[in-house]
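Note sheet for the following structure.
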Amino acid sequence: MIKTDFPIMPLHPVDMTSAEQDPDPDSPAADDDTYHSWVTVDHHRFDHNLSDSRWADCLFSSEIKCITLIDLAARFLPTKFPGPIEVSVLWTDDLTIAELNQQFRSKSGATNILSFPSGDRTAFNEGRLFMGELVLGFETVMSEAKVAGIAEQDHTAHLVLHGLLHLAGFDHILDDEAAEMEKLESYLLTEIGIADPYQDVTYTPVQARDTNL
């Protein structure tokens, strides 16, 4: 079970924008190996900051599945994605994500992914709507994939999709919301050949959802 990530704190664009996100001369250079970007067929852009180099192999190996899911989700939900979008992603470690989890959610410990929706749905960058930021913690994500017996790339793609849906306004605070979100994730993942991550999972009550894979 995905264990976090309801939208926790809408961000005003002056607080956290793409490229920390500030498109000025201090932005990461194109040859900076800590910076990478995905641009999908439908022109959605994901800008990546690798603060933990252990993510590098997984970032590149999961790219095709991730960008395919991004386009598929946007086409399937046109009211949520009325045009090209931009998302910033921080690929970090458990220590950093634990600090953010405590700071913004008042919850102790690391988690797999946090979603920070933009507080301004009119913030555009080069014609793309800035939707917010995702943060992933390396040790937790890799451990979850190993325990579940699934490929790291597939679990990473699932988390990117999960986080993107949060940025679009989906949630799992209530059980009916969780059921809707999980059904949508399962459909989109199986469409690109990733096994349904919930098919063998016993339904978890909302009170326990943040502590179980």
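With every protein chain kept in place and ligands, DNA and RNA left out, what is the accessible area per residue of the range 103-196? Probe 1.4 Å, answer in Å². Write down the numbers at each step before the final one.
Working: 3760 Å² over 94 residues.
About 40 Å² of surface per residue is accessible.
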Short version: ³J(HN,Hα) in whole Hz for each residue of the range 68-78, in order, from phi by Karplus 6.51 cos²θ - 1.76 cosθ + 1.60 (θ = phi - 60°), x for Gly and Pro, what are they?
5, 5, 4, 5, 4, 4, 5, 5, 6, 10, x
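The values are calculated or read from the model by the stated rules, or taken from the named source; none is laboratory data. Owing to the predicted nature of the structure, the values given are computational and were not obtained by experimental measurement. These accessible areas exclude ligands, DNA and RNA; they are computed on the full protein's heavy atoms, side chains included. Shrake-Rupley method; radii C 1.70, N 1.55, O 1.52, S 1.80 Å.
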